1. Could you grab the relative contact order for region 197-256? Cα pairs under 8 Å, six or more apart, rounded to a whole percent.
2. Report the residue, chosen from Lys201, Lys159, Lys176, that carries the largest GNM mean-square fluctuation when the chain is represented by alpha-carbon nodes joined by springs under 10 Å.
3. Please compute the modelled spin-label separation between Asp97 and Ile196, points set 7 Å along Cα→Cβ, answer in nm with one decimal.
4. Taking the Cα centre as origin and putting +1 on Lys and Arg beta-carbons and -1 on Asp and Glu beta-carbons, what dipole magnitude results for region 2-191, to the nearest 20 debye?
5. Asn259: net charge of surrounding residues, Cβ under 13 Å, Lys/Arg +1, Asp/Glu -1, itself excluded?
6. With +1 on each Lys and Arg Cβ and -1 on each Asp and Glu Cβ, how big is the dipole of region 197-262 about its Cα centre, in debye rounded to the nearest 20?
7. Report the gain in length on full extension from Arg210 to Glu33: 0.36 nm times residue separation, minus Cα-Cα distance, nm rounded to one decimal.
8. Amide H neighbours of Ile81 under 5 Å, counting only residues 5+ apart in sequence or on other chains, H built in-plane at 1.01 Å?
Amino acid sequence: MQTRHRAKKSLGQNFLQDANIARKIVDSLKISEKDSIIEIGPGQGALTKFILEAEPESLTLVEKDRDLAPALEQEYPEASIQLQDALKFDWTGLDPDKNWKIVGNLPYNVASKIMWDIAANCNATCVFMVQHEVAQRVTSGPGSKKYGAISVWIQSFCKTDYLFKVPPTVFKPKPKVDSAVIKFFPLSEEKKPSDIEGLAKLVKYCFQYRRKQLGKILKSFISDAVHEWAENEGVTLKDRPEALSPLQFQSLYKCIKSNFPS
Ligand code: SAM
């Protein structure tokens with residue numbers, strides 16, 4: 001009865017069955033005994049045992065499904081379990097004196113939102129498995145068709161690397177799409193943008209109209225300063241949002257912020 005209930009509750013989640021891939025994901029994080037690890041969505045613990053084998057200073061498991069937590073508690077008493085939605089986790093509240101690393105085979109329906117929050121709000125090295133297409137978007141650079149708001153946003157705070165692709169056959173149930181593992185290396189604090197709410201609005205606004213030219217998208221905010229910015233940056237207002245690097249979005253925001261709705 002309980003098993004049936006658990007299966008129903010976990011519907012839509014694909015659990016990793018391949019220990020070699022689980023180990024490879026955890027190895028990519030390069031855990032040392034000084035690291036404090038957070039695992040998002042440990043599920044049935046596919047990654048958890050390899051994390052503990054690496055003997056980090058601490059391990060926190062953030063799992064939303066209350067039916068999965070008791071087994072995790074029993075199997076991994078050395079970990080601290082937080083029965084919580086990762087979307088509501090306070091990433092800004094992590095102790096700045098600790099060396100944080102975050103890992104997870106993320107729930108695909110909320111992976112982009114979780115990564116968006118983590119990249120901007122904490123200083124952690126991260127390894128995530130996500131849908132292959134999302135991995136491509138997060139790691140693509142300017143000019144690519146895959147480059148969009150999430151690429152600009154995450155790359156404003158982190159260097160991102162595409163590590164490897166994972167086929168559907170290693171999950172149960174088998175998803176319809178490929179997955180991939182990506183890694184984030186946080187930029188130094190002085191390289192990260194300030195006024196991040198305004199920047200988020202500008203980036204989302206521009207990519208809403210990704211096929212339009214910047215001049216048309218931003219027509220209400222164009223001033224001499226924007227023309228000067230374009231000339232200095234070697235872009236034209238006929239370019240589309242995908243032509244701008246994360247740094248160019250930041251400098252554009254500084255130019256228009258007095259007019260841009262906050
Ligand atoms: N790490 C496991 C593995 O590799 O087999 C499970 C991965 S499964 C794709 C995603 C896990 O995240 C599930 O255990 C699910 O219950 C959990 N989850 C889903 N949404 C969540 C959320 N918003 N916050 C925290 N955990 C979540």
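Here, each number is a calculation from the coordinates, and none is a lab measurement. Only a predicted model underlies this, so the values are computations on that prediction, with no experimental measurement involved. With ideal geometry, Cβ positions are generated from the backbone for all residues, glycine too; neighbour counts draw on all protein chains shown.
1. The normalised contact order for region 197-256 reaches 46 percent.
2. Taking springs between Cα atoms under 10 Å, the residue moving most is Lys176.
3. Each label point lies 7 Å from its Cα, and together they span 2.3 nm.
4. Its charge dipole is roughly 1060 debye.
5. Result for the neighbourhood of Asn259: +3.
6. Charge dipole of region 197-262: 420 debye, to the nearest 20.
7. Additional length available on full extension: 59.3 nm.
8. Here the answer is Leu61, since their amide H atoms fall under 5 Å of that of Ile81.
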